[in-house]
Every structure is written in C-alpha cells, then in structure tokens.
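The values are calculated or read from the model by the stated rules, or taken from the named source; none is laboratory data. Remember, it's a predicted structure, so these values are computed and weren't measured experimentally. Here the Cβ positions follow ideal geometry from the backbone for every residue, glycine too, while neighbour counts run over all protein chains shown. Accessible surface areas use protein heavy atoms only, side chains included; no ligands, DNA or RNA. Shrake-Rupley method; radii C 1.70, N 1.55, O 1.52, S 1.80 Å.
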Amino acid sequence: MPSNRLLSIDALRGLVILFMLLDHVRETFYLHQQVGDPMDVTATDPALFFSRTLAHLCAPVFILLTGLSAFLYGEKQMSRAATSAFLFKRGVFLVVLEFTLVNFAWTFQFPPTVIYLQVIWAIGLSMLALSALLWLPRTLLAVLGLVLVAGHNLLDGLHFGPESVMHIPWAVLHDRGWIEFSETLRLRTSYPVLPWIGVIALGYVIGPWFRWSSAPEQRLQALRRTGFGALALFVLLRLVNVYGEKPWAVGETWVQTLMALLNITKYPPSLLFLALTLGVGLLLLAYFERRNDGRMVRTLAVFGSAPMFFYLLHLHVLKLLYIAAFAIWGANQGHYFGFDSMAWIWTATLVLAVLLFTPTQWFARLKARRRDIRWLKYL
C-alpha cells in the first residue's frame with residue numbers, strides 16, 4: 001500500500017484525470033459549442049464556462065506532479081544521473097507518443113495531415129528540459145522556474161513570421177501557431193512549452209517536502225502556505241488588472257463579472273492561469289493528505305496510478321463512440337453529432353468514469369505487480 005504522501009499525489013492526479021475526461025467528452029460531443037482562449041463571457045453559457053474552467057487544473061497539476069515525481073524517483077534511485085537519464089528517455093517516449101498514438105486518437109488519420117502538439121508533447125519536452133536543469137542547485141532551479149512562470153508574459157508581444165529562422169523555435173516555446181512541415185502536413189503547437197518548463201522545475205523544487213524523513217505537518221503547512229500565496233497573487237494581480245492576463249471588465253450580471261475574473265489564458269498559460277490553478281492544486285494536495293483514509297481518495301488514486309494508460313484508453317474510446325454515434329444518428333448539430341446541453345456532457349463523463357475504472361485498476365495492479373517489465377513504468 002502506498003504511503004500517505006504518495007496516495008495523496010495519486011489522488012490529486014486522479015481527480016484532474018476526471019476533469020480531463022469531462023473536457024475531452026466536451027471536445028468530442030460539444031464541438032458545435034466551441035470556446036476560445038480566453039472565452040467570450042458575454043456569449044458563453046455559464047455551465048460551459050465553468051466546466052471548461054474546471055478543466056484548466058489538468059495540465060498545470062499534471063506537469064507540477066511530473067516534476068515532483070521525478071524528484072521522488074531520484075530519491076529512490078539515489079542518483080541524479082539515473083533520474084536525468086530516465087527523464088530524458090521518458091521525455092522522448094512521450095514526444096513520440098504524441099506524434100503517433102495520441103494524434104491518431106484525435107484525428108483517426110493515417111498518414112496524418114495535421115499533428116496537434118498538445119499536453120503529452122508539452123510534458124515530454126518539459127521532461128527533456130528538466131533532465132538537464134536538475135543538475136542546477138535547488139535555489140537556482142527555483143529562481144529559474146519562477147522567472148519562467150512569472151516573466152514569460154513579457155514576451156507576449158514578440159512574434160516571428162514563417163520566413164524567420166526563429167519562427168519554428170518560437171512557435172514551440174511561446175507563440176502558439178502553425179508550422180508548415182510540408183505541402184501535406186502541418187503541425188499545430190497547441191501547448192507552447194516555455195512556461196511549462198517553469199512549472200515542472202517548480203514541481204521538482206518542492207520534492208524535498210515529500211521525502212520519507214519530512215514531517216507530515218510541515219509538509220501540510222508548506223503546501224497550504226504556498227497554495228494560499230499563489231491564490232493571493234492571483235487576486236492581487238487580477239484586481240490590479242495590468243499584467244499577467246488580458247484585462248477584465250464588470251459584466252451585466254454578477255455571474256458574468258465572476259466569469260470575467262476567472263477568464264484566463266491557457267495557450268500559453270498566463271501567470272494568472274498558473275497562479276490560480278497551481279494554488280488550487282497545492283491546496284487539494286494538502287486536503288488529500290488529510291483525507292487519505294477515505295474511499296473517495298483511494299478511488300481517485302486508482303485513476304492517478306495509471307495516468308498514461310487511462311489517457312490513451314479514454315481518447316480511443318471517445319473517438320470510437322463518436323464514430324458510432326455519427327453512423328447511427330448522423331449530424332444533429334450542424335456538421336457534427338453532439339449533445340444539446342452540458343448536463344448530458346456531465347452524465348456521459350460519469351458513465352465513462354465508471355466504465356473505465358476497472359480496466360484502469362487492472363493495469364495499475366499489473367504495473368505494481370510486474371516491476372520486472374521495465375516498459376510498464378513509462379505508462
């Protein structure tokens with residue numbers, strides 16, 4: 001049985017996996033109601049807005065916990081070199097996975113005409129970066145992580161056209177856009193990675209809080225202090241309304257005003273996006289440490305103990321379900337088949353979570369039991 005500190009990590013990862021499932025059900029069966037980044041609060045239904053905002057927790061928590069898990073892996077191996085090598089190999093593995101199985105699950109095209117470089121790509125490149133950065137002193141790594149997270153919005157006005165030698169590296173690092181690879185293939189850098197490298201670095205930096213020798217109460221205090229500090233930064237900067245996010249304005253109703261305050265930019269993640277999501281994530285981690293003996297935490301931990309398996313499984317299941325639904329009922333929402341309300345999206349998410357629990361639990365137990373199968377740890 002995992003320790004309380006590891007159970008809480010898996011439970012938090014499991015919770016955001018369910019939020020991710022909700023968002024991907026929306027992306028599959030609510031295509032006729034697509035939203036922008038940030039969203040248009042005057043034209044977006046509150047149920048859709050808050051469901052999408054809830055899913056904002058996913059990528060920041062995934063990547064923060066990736067950095068934290070890398071530190072714990074190094075503690076177990078007692079070798080920074082082994083940790084660096086594992087991060088490098090797994091980072092390459094994730095990048096290849098994004099180009100192959102993940103992209104195929106989204107498009108069902110082979111050979112592809114478009115490749116979307118999304119969260120698995122961002123995690124993979126962030127792991128490659130951390131494999132080199134972890135050799136820095138912890139204080140310097142913390143400073144670098146904070147600079148990338150807090151300072152990258154200063155670069156928002158910097159753009160390079162397709163004719164520039166900087167177009168491709170800058171599209172990968174910070175400026176979400178298209179890369180024309182050939183006449184028949186385009187790449188979409190959906191997740192510019194510069195701020196995500198900062199997040200994975202900060203995850204590695206907080207790793208010592210989770211050492212076996214660390215006192216649980218001290219860890220809880222550190223999580224709460226940092227979580228509330230990040231939320232305070234979000235509130236302060238949002239009220240000042242001049243840096244780190246697009247300005248907001250008072251809406252016609254209090255709901256629209258609240259939506260405007262929470263209307264944050266994900267691509268790339270703004271300073272306020274990361275302050276809000278990481279602050280909430282750290283407080284949830286502290287909560288799960290306190291509630292680690294409950295059934296809910298242990299159920300969530302099942303999803304969180306096999307994240308890559310669940311990720312690949314749910315994407316392919318959703319695509320197959322959409323193809324089947326379209327074949328049976330046809331297009332009922334313009335060019336798409338889709339549900340007519342977010343209530344159906346939430347219902348479908350709940351049903352899928354129940355159905356996918358058993359195969360995920362099976363794989364998690366297999367991975368724990370068969371440690372001799374080395375490639376399983378990459379999933």
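Dipole magnitude for the chain: computed about the Cα centre from +1 point charges on Lys and Arg Cβ and -1 point charges on Asp and Glu Cβ, it is near 1740 debye. Scoring 196-204, 33-41, 142-150 by mean Cβ neighbours within 10 Å over their residues and listing the highest first yields 196-204, 142-150, 33-41. Counting only protein chain heavy atoms and rolling a 1.4 Å probe, the accessible areas of 138, 298 rank, largest first, as 138, 298. For the pair region 148-182 / region 301-354, the C-alpha centres are spaced 33 Å from each other. Per-residue ellipticity at 222 nm from helix content only, as computed over the chain with -39500 (n - 2.57) for each DSSP H run of at least four residues, stands at -21000 deg cm²/dmol. Ranked by the mean number of other Cβ atoms within 10 Å of their residues, highest first, the peptides 160-171, 311-322 fall in the order 311-322, 160-171.
For region 127-268, the fraction of alpha-carbon pairs lying more than 17 Å apart is 72 percent, rounded to a whole number. Taking Cβ atoms as reference points and 12 Å as the exclusive limit, the residues near residue 90 contribute a net charge of +3, counting Lys and Arg as +1 and Asp and Glu as -1.
In this simple spin-label model, placing a label point 7 Å from the Cα along the Cα-to-Cβ direction at both residue 369 and residue 331 gives a separation of 4.8 nm. Ordering of 129-136, 42-49 by packing is 129-136, 42-49, highest average first (other Cβ atoms within 10 Å, averaged per residue).
Taking every DSSP beta bridge that has both ends in the chain, the antiparallel portion is near 60%.
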